[in-house]
Amino acid sequence: MTGIGVETVEAWGAKQAKITVNYRFSPQNEHARLVLKQSYNAGHFVRIPLEPKTVGDHIRRKRLSLKLVQTQVAERVGVGKSSLYNWESNAKQPEVRYMPAIIKFLGYNPLPPANTWAERLIRRRISLGLTQEESARQIRVDPGTLAHWERGEREPTGSLLKHAQQFLNVGDNLEVTRRAG
């Protein structure tokens, strides 16, 4: 009834320990009036993110499911082990330039879905690992114009709309909804 239990649980292909402690709040020779059960996870955070919220969470889950060590993933992505550790612990976010390699490693894009023009432009730029200036050059607009688009202050029109759609790899049949303004 009282004591410590340890079991192995598996999530995303990696095993981790689940520790359960039953506390007894009565003298040994008396019937237990109150026994509290408490479960603990190893460490101060869930080892395998079941619902990843950050890019680091996605990387950690994929790495553990593939049974790789951080050094192996760091080599694939082109960074040092300390960078990968910082991403996985959510101490830092990856620089934009590493996103293409991260997406390739994961096999999917971990960035949240984009709905507005601003979100779509930012998501595409980050997914390609480009700075705002590099993206503006590809779209053939001034960096300041792209900055306005990305902040949601303006949306592309006319010939710039066509260039922006090409940058997003969107077909010409896309229906663009504009804000009244």
What is the one condition in (1) out of contact with any helix residue (DSSP H, G or I) (no Cβ under 9 Å at 6 or more places or on another chain); (2) surrounded by fewer than 14 Cβ atoms within 10 Å (Cβ to Cβ); (3) not hydroxyl-bearing (Ser, Thr, Tyr) that Gly144 does not satisfy?
(1)
Pairs where the first residue, in the range 107-125, is in contact (Cβ under 8 Å) with a residue 60 or more places away in the chain and the second is assigned to a loop (DSSP other than H, G, I, E, B) and surrounded by 19 or more Cβ atoms within 10 Å (Cβ to Cβ), C-beta under 8 Å, 6+ apart
none
Failed condition for His163, given (1) surrounded by 13 or more Cβ atoms within 10 Å (Cβ to Cβ); (2) in contact with a helix residue (DSSP H, G or I) (Cβ under 8 Å, 6 or more places away or on another chain); (3) modelled with pLDDT of 95 or more; (4) not in a loop (DSSP other than H, G, I, E, B)
(3)
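Quick grid of which residues meet (1) within 18 Å of the chain's Cα centre (by Cα); (2) modelled with pLDDT under 90; (3) under 18 Å from Ser127 (Cα atoms); (4) surrounded by 12 or more Cβ atoms within 10 Å (Cβ to Cβ):
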| residue | (1), (2), (3), (4) |
| --- | --- |
| Gln16 | no, yes, no, yes |
| Glu30 | no, yes, no, no |
| Arg33 | no, yes, no, no |
| His44 | no, yes, no, no |
| Asp57 | yes, no, yes, yes |
| Trp87 | yes, no, yes, yes |
| Met99 | yes, no, yes, yes |
Within the range 67-84, is there a residue that is under 22 Å from the mean Cα position of the chain (by Cα), modelled with pLDDT of 70 or more, farther than 30 Å from Glu134 by Cβ and among the basic types (Lys, Arg)?
yes
For Leu121, which of the numbered conditions (1) farther than 15 Å from Asn169 by Cα; (2) in contact with a helix residue (DSSP H, G or I) (Cβ under 7 Å, 6 or more places away or on another chain) fails to hold?
(1)
Taking interchain pairs and intrachain pairs at least six residues apart, which have beta carbon atoms under 9 angstrom, with the first residue in the range 58-86 and on the phi > 0 side of the Ramachandran plot and the second not in a helix (DSSP H, G or I)?
Lys67/Gly13; Lys67/Ala14
Give the range 91-122 a look and list any residue that's small (Gly, Ala, Ser) and part of a loop (DSSP other than H, G, I, E, B), or say none.
Ala91, Gly107, Ala114
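The values are calculated or read from the model by the stated rules, or taken from the named source; none is laboratory data. Worth saying up front: this structure is predicted, and the values here are computed from it rather than measured. Every residue, glycine as well, gets a Cβ built from its backbone with ideal geometry; the counts of neighbours run over all protein chains shown.
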